[in-house]
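Visitor: Below you will find the structure I want to go over with you.
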Amino acid sequence: MEHFPRIFIGATRKSSGKTMVSIGLLAALTERGLHVQPFKKGPDYIDPRWLSMAAGRDCHNLDFHIMGRERILSNFFRYAGGADLSLIEGNMGLFDGQDMQGSDCGAALAALLAAPIVLVVDCLGMARGIVPLIMGHLAFPGGERIAGLILNNVGTARQEGKIVQALQHYCPVPILGVLPRDTAVGIEERHLGLEPAGEREGVAERIQAISRLVASRVDLPAIMQLARQAEPLSPVTPAPSLPAPRAAPLQVAYVTDQAFHFYYPENLQALRERGIELLPFSLLQGESLPDVAGLYIGGGFPEMFMDALSANQHLFTRLRQQIADGLPVYAECGGLMVLAEQLHWEGQSAALVGGLPIEIRMGKRPQGYGYMVVEGAQKGLWPAFGQRIACHEFHYSGVSRCGEGVEFAYRVVRGHGIDGERDGLLYRNIFASYAHIHTDGAPGWADFLRRFWQR
């Protein structure tokens with residue numbers, strides 16, 4: 001049995017401020033010299049990037065659908081070891097999930113990790129009525145782990161007084177902090193969630209402002225004491241890292257800039273463990289692709305930068321020729337979009353790379369959003385014919401035109417993909433899909449990419 005100080009940050013519903021609270025706690029405790037390890041429940045790229053920047057170390061995802069219970073525990077022990085505190089941020093409301101019995105909700109993850117729960121409550125428009133809301137959470141299965149409250153979005157001192165008085169009278173759980181309504185430290189939301197960290201200037205200053213607010217209004221020593229009271233856990237042995245390959249490293253460029261930055265750290269590590277040297281490259285500022293064996297374009301928001309991307313036709317012309325000459329390209333979601341000939345959004349159109357004979361149109365509603373299961377549809381490719389892979393998708397775009405010569409790597413078992421039935425566009429030496437793959441749910445993925453780029 002080992003002791004891993006830890007807390008789970010949950011909320012009564014989504015958009016209650018749990019990410020802001022998590023950012024503030026991570027940054028404030030890190031500034032005080034503590035080694036704080038962030039985790040994020042569910043498949044997500046945006047919140048983990050904020051949490052990583054606040055803590056100064058990679059945030060790791062924990063997800064029942066993609067990883068399963070054993071892999072969640074294995075990853076938690078791998079990355080939590082040696083930390084003064086591990087902070088696990090939930091998603092949606094504490095009891096929200098796919099399973100009606102709650103086996104995949106935030107409370108279930110807190111129970112699996114035996115983590116005390118700090119419940120963030122949005123107090124907008126509430127007073128004494130907040131008591132039955134919280135008491136209902138305490139009484140619901142899994143709510144017994146709620147050990148502290150942080151009240152967020154409190155408008156006035158008068159409202160705060162009413163809420164605190166009512167909770168102290170009726171509720172057995174202590175109030176650990178009260179955060180005022182403060183638009184100066186808020187993080188904007190848009191179609192796929194929070195605005196990504198790094199798209200604009202001033203992210204470090206925003207994190208510092210959140211840190212100061214949380215440090216001034218939340219009892220940090222009480223948070224640490226709560227984390228240290230978590231029950232001891234029996235560690236699961238993490239999966240061993242692969243030995244360093246004997247073959248010469250294979251150099252692959254991966255696109256990382258303001259428009260493309262959706263990469264799971266475990267995926268990048270899995271590729272490095274297979275001898276792949278990843279060279280960062282920008283489609284926004286880059287002038288020419290370095291001499292590499294292949295290209296990896298992750299997800300992101302190309303639609304937010306469509307004019308800047310389209311203006312880089314000098315690069316796109318050269319890249320299109322390199323692809324025609326045989327450069328293998330693997331792309332996910334935003335990467336698929338930028339490989340198209342045209343992107344259409346809000347009455348505007350932009351010419352993109354043109355490596356795929358397709359056009360993309362942005363919609364006002366999600367085309368594919370949430371968990372996904374794909375099955376191999378091609379013999380001799382990955383995944384193997386009939387092999388199922390748990391993954392996810394988040395896209396408002398869709399393929400509005402698909403030219404000749406395109407095949408599909410996946411049959412969609414759950415989700416939408418390209419057309420509700422298929423995903424994984426195969427065209428010449430391009431493999432592009434809407435499916436976001438996490439190596440922990442995709443046996444053979446990293447080995448396949450080594451072969452794909454090496455051919």
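Derivation of every value follows stated rules applied to the coordinates shown; laboratory data play no part. Bear in mind the structure is a predicted one, so any value in this text is a computation, not a measurement. As a convention, Cβ positions derive from the backbone with ideal geometry for all residues, glycine included, and neighbour counts pool all protein chains shown.
Visitor: Could you tell me which of the pairs 41/162; 41/364; 18/162; 40/364 are separated by over 31 angstrom between their Cα atoms in the structure shown?
Guide: 41/162
Visitor: Here's a follow-up. Given the chain, what percent of its DSSP beta bridges are antiparallel, to the nearest 5?
Guide: 45
Visitor: Let me have the relative contact order for the chain, percent, based on Cα pairs under 8 Å that are six or more residues apart.
Guide: Here the relative contact order equals 13 percent.
Visitor: Putting +1 on Lys and Arg Cβ atoms and -1 on Asp and Glu Cβ atoms, find which of 94, 426, 62 reaches farthest to the positive end of the dipole of the chain.
Guide: 94
Visitor: Still on this structure: Students often get this wrong, so try it: which of [x] 18.4; [y] 23.2; [z] 22.1 is mean projected area of the Cα convex hull in nm² as calculated from the structure shown?
Guide: The value matching this structure is [z].
Visitor: Long-range amide H contacts for residue 331: which residues qualify at under 5 Å (H placed 1.01 Å from N, peptide plane, sequence gap of 5 or more or a different chain)?
Guide: 297, 431, 432, 433
Visitor: I've got another one for you. If Rh is defined by the Kirkwood formula over all Cα pairs and Rg also comes from Cα, what ratio Rg/Rh do you get for the stretch 318-424?
Guide: Result: Rg/Rh = 0.97.
Visitor: For the modelled label position 7 Å from the Cα of residue 225 along Cα-to-Cβ, which residues of the stretch 149-172 have backbone nitrogen atoms closer than 18 Å?
Guide: Of the residues in the stretch 149-172, 149-151, 168, 172 have backbone N under 18 Å from the label point off residue 225.
Visitor: Sticking with this structure for a sec: Using a 7 Å offset from the Cα along the Cα-to-Cβ direction at both residue 384 and residue 78, what is the distance between the two label points in nm, to one decimal?
Guide: Using points 7 Å along Cα→Cβ, the separation is 2.2 nm.
Visitor: In addition: Please list, in order along the stretch 121-128, the HN-Hα scalar couplings obtained from phi with the Karplus expression 6.51 cos²θ - 1.76 cosθ + 1.60 (θ = phi - 60°), rounded to whole Hz, x for Gly and Pro.
Guide: So the Karplus estimates, Gly and Pro as x, are 10, 6, 9, 4, x, 10, 9, 4 Hz.
Visitor: I'd like the Karplus ³J(HN,Hα) series for the stretch 332-340: coefficients 6.51, -1.76, 1.60, θ = phi - 60°, whole numbers in Hz, and an x wherever there's a Gly or Pro.
Guide: With coefficients 6.51, -1.76 and 1.60, one gets 10, 6, x, x, 4, 4, 6, 7, 6 Hz.
Visitor: Treating only the Cβ of Lys, Arg, Asp and Glu as charged (+1, +1, -1, -1), what charge dipole size does the chain show about its Cα centre? Round to the nearest 20 debye.
Guide: Result for the chain is approximately 600 debye, rounded to the nearest 20.
Visitor: Additional query: Can you give the % of DSSP beta bridges in the stretch 250-454 that are antiparallel, to the nearest 5?
Guide: Of the beta bridges lying entirely in the stretch 250-454, close to 60 percent run antiparallel.
Visitor: Going highest first, how would you order 290-299, 48-57 by mean Cβ packing within 10 Å?
Guide: Result, highest mean first: 48-57, 290-299.
Visitor: Please list 409-415, 217-223, 23-29 highest first by mean number of surrounding beta-carbon atoms within 10 Å per residue.
Guide: Going by the mean number of other Cβ atoms within 10 Å, highest first, we get 23-29, 409-415, 217-223.
Visitor: Now for a different question. Using θ = phi - 60° and the Karplus relation 6.51 cos²θ - 1.76 cosθ + 1.60, list the HN-Hα couplings for the stretch 294-303 in order, rounded to whole Hz, with x at every Gly or Pro.
Guide: With the stated coefficients, the stretch 294-303 comes to x, 9, 10, 10, x, x, x, 10, x, 5 Hz.
Visitor: May I ask you to compute the full-extension gain from residue 364 to residue 236, defined as 0.36 nm times their residue separation minus their alpha-carbon distance, rounded to one decimal in nm?
Guide: This chain segment gains 41.7 nm when fully extended.
Visitor: Give me the distance in nm between label points sitting 7 Å out from Cα along the Cα-to-Cβ direction at residue 35 and residue 451, one decimal.
Guide: Modelled inter-label distance: 3.9 nm.
Visitor: So for the pair residue 70, residue 103, with labels modelled 7 Å out along Cα→Cβ, what separation do we get in nm?
Guide: Result: 1.6 nm between the two label points.
Visitor: Let me ask something additional. Helix by helix through the chain, keep the DSSP H runs that span 18 Å or more along the axis on Cα and average at least -1.0 on Kyte-Doolittle, and give those back in order.
Guide: 18-31, 64-80, 157-170, 203-217
Visitor: While we're looking at this one, here's another question. For the stretch 6-228, what size does the Cα cloud have along each of its three principal axes, sorted from largest down, in whole Å?
Guide: If we take the Cα atoms of the stretch 6-228, the spans are 44, 43, 36 Å.
Visitor: Rounded to a whole number, what is D in µm²/s for the stretch 206-337 from Stokes-Einstein with the Kirkwood radius over alpha-carbon pairs (4 °C, 1.567 mPa s)?
Guide: Result for D is 71 µm²/s.
Visitor: Let me ask something else about it. Whole Å is fine, so just give me how far the alpha carbon centre of the stretch 382-402 lies from that of the stretch 245-301.
Guide: Each part reduced to its Cα centre gives a spacing of 21 Å.
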